[in-house]
Amino acid sequence: MALPRPWAADYLAMYSNWLGGIVREPWLMSVPIDDHLVHRGDGVFEAMKCVAGRIYQCDAHLERLARSAQSIHLELPLDLGALKRLVVDVTRAGGEPDSMVRLYISRGPGGFSTNPYECCAPGVYVMVSRLHSPAPESYQRGVRAGISLVPSKSGFYASVKSCNYLPNVLLKREAVVRGWDFSLGLDENGHLAEGSTENVGLVDSLNRLLLPLPDHILEGTTVRRVIELAEALVEKGVLSRVEHRPLERADLDKAKEILLFGTTLDVLPVTRLEGEPVGDGAVGPVAKALLELVRQDIRHNPAVSTPVFV
Ligand SMILES: Cc1ncc(COP(=O)(O)O)c(C=O)c1O
């Protein structure tokens, strides 16, 4: 008898180029086991969200997908315009104006070795599921984070959004077992890198928004947009400037605010680091202002989002 799968209630629609269409029945949402995506993590992906009927920063996500694919010598089987139309069609088939959209380009089926040249053609999968954002209290009270002991990805692997996410999985596992909401990775030089699926930054005593150098992290679409939106805060004097620099554990300990950035989170304040309060332990003004700017951007800036239901 088939196993019950209560979590599949969140699955709304899936496209697979092997199926040649879109399915809405979770039992049919599958990937061939001989696709090298499954047994070698050989593929790239993107996760974007549709809010109030529009996919936020769809173009930025597709451009990063193209960069990731190029980095692993995977030729995209469709141009970005066609991929975007596909993403929109599957999101619409999902039927929910607020949903999570994941696009995977795999090396494709072709046997079980590591050799990418045994694969016949890339796989294209789009998965649409219900959107689960952090609870409102997480933004009001802030979240708990700690410093990870998990070896981080080296620069090249961190910069590619490949389907090889084992270090990211171990970061998340560590957060769960150590009673934190998020685990923050350090690179091999002890510099702050990123969380499991989020970028991190801090506000220092000079009111600078400091972000890690881009060489050991995935360049987030959210933090990239935040840097643009933060100009308004520099003009108002809430921030003195935005700067990329190597950051260390000591910088986190002295920070007035620590912020997480990502597609599902937008901007999420960390108010406890390894049990100690960050700054005065309350959500700071930069976190509040940046969250407000990003949420305005998501809902009211059609220039950076793609219409699906409107
Ligand atoms: C490792 C990693 N870093 C950072 C991010 C944040 O990127 P974005 O803002 O595009 O969601 C993600 C998102 O998936 C990620 O997987």
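Read-outs: derived from the displayed coordinates by stated rules, not from any lab. Note that the structure is predicted; figures quoted are calculated from it, not measured. FYI the Cβ positions are ideal-geometry reconstructions off the backbone, even for glycines, and counts take in every protein chain you see.
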Report, in degrees rounded to the nearest 10, the 0 to 90 angle that the Cα long axis of helix 166-177 makes with the longest principal axis of the chain. 60
Each label point is 7 Å from the Cα along the Cα-to-Cβ direction; what then is the distance between the points at Ala2 and Ile227, in nm? 4.7
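If you rank Phe309, Phe112 by fewest surrounding Cβ atoms within 10 Å, what's the result?
Values: Phe309 16, Phe112 13.
Final ranking by Cβ density, sparse to dense: Phe112, Phe309.
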Compute the acute angle (0 to 90°) between the alpha-carbon long axis of helix 58-71 and the principal axis of greatest extent of the alpha-carbon atoms of the chain; round to the nearest 10°. 70
Using alpha carbon centroids, what distance separates region 269-303 and region 212-229, in Å? 15
Calculated on alpha-carbon atoms, Rg and Dmax of the chain in Å: 19.8, 63
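Let me check against my output: what whole-number percent is the relative contact order of the chain, with C-alpha pairs under 8 Å and at least 6 apart? Intermediate results must be reported in sequence, preceding the final value.
Values: 645 pairs, mean separation 60.2, N = 310.
Relative contact order comes out at 19 percent.
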Which value, in nm² and rounded to one decimal, describes the direction-averaged projected area of the C-alpha convex hull of region 63-179? 10.1
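Please order His300, His244, His36 by the number of other Cβ within 10 Å, starting at the fewest. Intermediate values should be presented prior to the final figure.
On the way: His300 9, His244 14, His36 26.
Going from least to most buried by this count: His300, His244, His36.
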Region 136-300 - Rg and Dmax from Cα coordinates, angstrom: 14.6, 42
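By count of other Cβ within 10 Å, fewest leading, how are Phe45, Phe261 ordered?
Values: Phe45 19, Phe261 25.
Lowest to highest Cβ neighbour count: Phe45, Phe261.
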Whole-Hz Karplus ³J(HN,Hα) for region 4-20, in order, using 6.51 cos²θ - 1.76 cosθ + 1.60 and θ = phi - 60°, x for Gly and Pro? x, 9, x, 5, 5, 4, 7, 8, 9, 6, 9, 10, 9, 6, 6, 6, x
Using the Karplus equation 6.51 cos²θ - 1.76 cosθ + 1.60 (θ = phi - 60°), what ³J(HN,Hα) coupling, rounded to whole Hz, does each residue of region 113-130 give in order, writing x for Gly and Pro? 7, 7, 6, x, 7, 8, 7, 6, 6, x, x, 10, 10, 10, 10, 10, 9, 5
Give me the count of lysine pairs in the chain whose alpha carbons sit under 24 angstrom apart, restricted to pairs 8 or more positions apart or on different chains. 13
Be a star and scan region 173-198 for residues whose amide nitrogen sits under 14 Å from the point 7 Å along the Cα-to-Cβ vector of Arg249. 184-193
Tell me the angle of helix 285-300 to the major Cα principal axis of the chain, expressed in degrees between 0 and 90 and rounded to the nearest ten. 30
Coarse-grained scattering of region 9-130 at q = 0.11, 0.13, 0.15, 0.23 Å⁻¹, given as base-10 log I(q)/I(0) from a Debye sum over alpha-carbon atoms: -0.34, -0.48, -0.64, -1.35
Take region 123-210, compute every pairwise Cα distance, and split them into 10 Å bins from 0; I just need the percent in each bin. 14, 38, 35, 11, 1
